[in-house]
Amino acid sequence: MKAAFLDFDTLGPDDIDDRRLRSELPGIKLYETTTQAQLIERIADIEVLIVNKVKLDSVALLQAKKLKLICLAATGSDNIDLAAARIRGITVCNIRDYCTASVVQQVFSFILELTQRTGAWQGLMARGAWQQSEQFCMLDFRSRELQNRTLGIVGVGALGRAVANVAAAFGMQVIAAELPGRTGAHSMIPRVPWDTFLAKADIISLHCPLTEATANLIDAKALDKMRFDALLINTARGGLVDSEALMLALKAGELGGAGIDVLPVEPPVDGDPLLSSRLPNLLITPHISWASAEARQRAVDQIVACIRAFKLDEPINKLS
């Protein structure tokens, strides 16, 4: 089967083993990146296509006359026109639960940095502040315990539940958001109405997909309902948060802090309000919460599993 991976460099191939992928698809073309201008030519005679962030809209899918399978090197599918794929009879599969451990670590690295201020302390140490202190310890920065705090989770899938498990180990209380149009309760995590959720949570961590219903979920109105000292963590999708509104809330002291791993446009070639704010209680990383070496290897291995299952006419993780 003729195959191509259109943006292989998104997996950082230098430290992963791709031998199983090459064995499963002999002759596969591994493109470092693919621009929209290069897209149509590269998929024209391809039967199996692997993509991470390359957009495949209805126009592109109509041009891919031989395409049978699209494997997403990610869980989110907002870059694929799934309706057009169904019409064309193209199977679309994603990968799941491959980066849970990595994302959970990132969530709590944000939370711990915002509550313990380790980086800020290191800045003081580099300037020799401790040597000049009149006391045995320094109390320049306020630290906060996580025990008995309330962690609010938006999206209680595999990632949300894994974050909840770690929160429990810290002695935190965990609640889940009852989003508009969605009700019910997870067996271990109580759901509360959206406005109550915003007002009650000391820390909010986002783990829901980006859809029309969740776009700008955290906007100025939502931020206004949050506690003045609350923390916002987003390792899901940048479009869930209104960057301008978040920046203004942080500047005005209406929010305790934020840890942001994703932005609405990536890479942010035209900038973003959060990138230019230079706020001490704002941490930003370049969409790396999923990207441990172990997670990226699991991603490749799961793509191989999806391809094998498709060949056996028993597709897994099917979206279309």
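Could you say whether any residue in the range 247-259 is closer than 23 Å to K55 by Cβ, in a loop (DSSP other than H, G, I, E, B) and either among the aliphatic types (A, V, I, L, M) or in the same structural domain as A199 (by TED's automatic domain parsing) (or both)?
Restricting attention to the range 247-259, the residues satisfying the condition of being closer than 23 Å to K55 by Cβ are none.
Checking the range 247-259: not a single residue is closer than 23 Å to K55 by Cβ, in a loop (DSSP other than H, G, I, E, B) and either among the aliphatic types (A, V, I, L, M) or in the same structural domain as A199 (by TED's automatic domain parsing) (or both).
Can E244 be described as outside any loop (DSSP other than H, G, I, E, B), surrounded by fewer than 19 Cβ atoms within 10 Å (Cβ to Cβ) and within 21 Å of the chain's Cα centre (by Cα)? Quick ask: steps written out before the conclusion?
Details: outside any loop (DSSP other than H, G, I, E, B): yes; surrounded by fewer than 19 Cβ atoms within 10 Å (Cβ to Cβ): yes; within 21 Å of the chain's Cα centre (by Cα): yes.
Criteria met by E244.
List, please: which pairs have Cβ atoms under 9 Å, are six or more places apart or on different chains, and start with a residue in the range 1-12 that is free of Cβ contacts under 8 Å to residues at least 12 places away in the same chain and over 8 Å from I50 (Cα atoms) and end with one that is hydroxyl-bearing (S, T, Y) and in a helix (DSSP H, G or I)?
Pairs that qualify, where the first residue is free of Cβ contacts under 8 Å to residues at least 12 places away in the same chain and over 8 Å from I50 (Cα atoms) and the partner is hydroxyl-bearing (S, T, Y) and in a helix (DSSP H, G or I): there are none.
Given the criterion in contact with a Ser or Thr (Cβ under 6 Å, 6 or more places away or on another chain), free of Cβ contacts under 8 Å to residues at least 60 places away in the same chain and either acidic (D, E) or under 27 Å from L223 (Cβ atoms) (or both), identify the matching residue among I153, I189.
Numbers: I189 fails: in contact with a Ser or Thr (Cβ under 6 Å, 6 or more places away or on another chain).
Just one listed residue meets the conditions, I153.
In the range 224-241, what residues are assigned to a helix (DSSP H, G or I) and surrounded by fewer than 23 Cβ atoms within 10 Å (Cβ to Cβ)?
Here is the first cut: in the range 224-241, the ones assigned to a helix (DSSP H, G or I) are 224-225, 238-240.
Across the range 224-241, the qualifying residues are D224, K225, G238, G239.
Of everything in the range 284-306 that's polar (S, T, N, Q) and out of contact with any helix residue (DSSP H, G or I) (no Cβ under 8 Å at 6 or more places or on another chain), which residue is nearest to A74 (Cα to Cα)?
Q302
Out of C71, C99, which single residue is touching a Ser or Thr at 6+ places or on another chain (Cβ under 8 Å), modelled with pLDDT of 95 or more and at negative phi?
On the way: C71 fails: touching a Ser or Thr at 6+ places or on another chain (Cβ under 8 Å).
Criteria check complete, one pass: C99.
Tell me, which residue of the range 242-280 that is hydrophobic (A, V, I, L, M, F, W, C) and farther than 25 Å from Q105 by Cα is modelled with the lowest pLDDT? First the steps, then the outcome.
First pass over the range 242-280, keeping only residues hydrophobic (A, V, I, L, M, F, W, C): 245-250, 252, 255, 258, 260, 262-263, 265, 269, 274-275, 279.
Restricting the remaining residues to those that are farther than 25 Å from Q105 by Cα gives 245, 248-249, 252, 269.
Details: A245: 98, L248: 97, A249: 97, A252: 96, V269: 93.
Applying the filter and picking the extreme gives V269.
The values are calculated or read from the model by the stated rules, or taken from the named source; none is laboratory data. Nothing here was measured: the structure is a model prediction, and the numbers come from that model. We place every Cβ from the backbone using ideal geometry, glycine too, and count neighbours over all the protein chains shown.
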